[in-house]
Amino acid sequence: MDARETGKVLKKIARSASEAGLDLSAAFPVADYNRSVPEAYSLPTFDREGPLGVVLGNSRAFWPKFLEALRESEALRESEHPLHDYVTDTIGRLVHALPVAHEVRWAHSSEPSPVAMQRASMIGGLAHTSPSYMSIHPEHGPWIGLRAVILLDADWASGDPVQAPDPCTPCPKPCLEALDLAVAATKNAPVGKKVSSRWKLWLAVRDACPQGRSSRYPDEQCEYHYRSDRDFLLSLLEYAG
């Protein structure tokens with residue numbers, strides 16, 4: 001593909017993803033990413049020197065789209081991990097319609113291989129990684145989710161990538177005190193329960209960030225993201241009628 005065709009593909013990805021609530025996207029040079037991560041996290045290159053990747057994520061715009069899909073799909077309601085399945089199905093349909101070879105790597109799964117989502121996000125200029133390990137978007141602050149990376153059999157042809165702005169260096173970093181409290185409170189919890197066992201303390205780390213406060217997730221979205229409780233999620237559908 002030439003640069004014009006590649007631009008059309010990137011717009012198609014962004015438009016289709018946004019319609020499903022994945023409203024954040026950024027292209028990035030895979031070669032730069034691969035040079036910055038351990039080999040186990042390297043991404044496919046399609047035998048190109050400078051391949052192209054796209055990182056997809058979401059703001060709070062994702063939540064109503066996800067709930068709408070949940071209401072309409074019995075398969076999602078019966079899924080053990082409905083949010084992950086929604087993301088997988090949505091992006092699967094999106095890439096199936098692309099006129100170019102591609103591969104996908106997921107934030108929620110290490111299969112077929114892991115991806116350093118925050119590194120891809122930083123290189124693509126989508127979000128800066130804070131000292132408390134949150135991804136900070138220029139507009140939405142920490143109120144975003146990183147979902148997947150799409151690798152395209154196309155060349156990066158946009159020059160040097162624009163790095164994500166760093167709001168953290170001049171910040172007094174209240175998130176670090178909140179992080180220390182959350183870590184101390186959950187240090188003896190089982191590995192898989194460290195967040196969900198004291199989820200309000202982990203939510204407080206995000207709430208401590210002064211960036212993007214108007215983009216904060218609704219309370220029920222916060223609770224589900226931190227607890228991943230399917231019964232709680234389904235109860236929201238009943239409450240909404």
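The values are calculated or read from the model by the stated rules, or taken from the named source; none is laboratory data. Being a predicted model, the structure only gives us computed values, none of them experimental. Here the Cβ positions follow ideal geometry from the backbone for every residue, glycine too, while neighbour counts run over all protein chains shown. Side chains included, ligands, DNA and RNA excluded: accessible areas come from the protein's heavy atoms. Shrake-Rupley method; radii C 1.70, N 1.55, O 1.52, S 1.80 Å.
Run the quick spin-label model on Arg93 and Leu176: label points 7 Å from Cα toward the beta carbon, then report their separation in nm to one decimal.
That separation, rounded to one decimal, is 4.5 nm.
Which whole-angstrom value gives the distance between the alpha carbon centres of the stretch 104-138 and the stretch 1-70?
11
Measure off, as a whole percent, the carbon and sulfur share of the 1.4 Å-probe accessible area of the stretch 100-179, all protein chains present.
Carbon plus sulfur share of accessible area: 53 percent.
Heavy atoms of the protein only, probe of 1.4 Å, neighbouring chains included. What is the accessible area of Thr129 in Å², nearest 10?
Result for Thr129: roughly 40 Å² accessible.
Of the heavy-atom accessible surface of the stretch 1-55 (probe 1.4 angstrom), what whole percent is carbon and sulfur?
46
Which ³J(HN,Hα) values, rounded to whole Hz and listed in residue order, are derived for the stretch 143-154 from phi using the Karplus coefficients 6.51, -1.76 and 1.60 in 6.51 cos²θ - 1.76 cosθ + 1.60 with θ = phi - 60°, glycine and proline given as x?
Using θ = phi - 60°, the values come out as 8, 9, x, 9, 10, 6, 10, 9, 9, 10, 7, 8 Hz.
In whole percent, what relative contact order does the chain give with Cα contacts below 8 Å and a gap of six or more residues?
On the way: 376 pairs, mean separation 52.0, N = 241.
The value is 22 percent.
Leaving out ligands, DNA and RNA but keeping every protein chain, what accessible area does Ile150 have, in Å² rounded to the nearest 10, with a 1.4 Å probe?
0
Accessible area per residue, 1.4 Å probe, Å², for the chain: what's the number? Write out the running numbers ahead of the final one.
Numbers: 12400 Å² over 241 residues.
Heavy-atom SASA per residue in the chain reads 51 Å².
Count charges around Ala120 for me, please; just the other residues with Cβ under 10 Å from its Cβ, Lys/Arg as +1, Asp/Glu as -1. Mind dumping the intermediate values first?
Details: positive: Arg105, Arg119; negative: Asp32.
Residues close to Ala120 contribute a combined charge of +1.
Regarding the stretch 61-136, what is the average projected area of its C-alpha convex hull, in nm²? Please report the intermediate quantities before stating the final value.
Working: hull surface 27.2 nm².
For the stretch 61-136, the mean projected area of the Cα convex hull comes to 6.8 nm².
Spin-label point model (7 Å from Cα, Cβ direction): what's the Ser109 to Arg71 distance in nm?
For the pair Ser109/Arg71, the computed spacing is 2.8 nm.
Where in the stretch 79-108 does the label zone of Met1 land, with the point 7 angstrom along Cα→C-beta and an amide N cut-off under 18 Å?
91-105
Hey, what number do you get for the chain at 222 nm if only DSSP H runs of n ≥ 4 count, each worth -39500 (n - 2.57), divided across all residues, to the nearest 500?
-13000 deg cm²/dmol
Could you compute the net charge surrounding Asn188? Neighbours are other residues with a C-beta less than 15 Å from the C-beta of Asn188; K and R count +1, D and E count -1.
My count for the surroundings of Asn188 gives +4.
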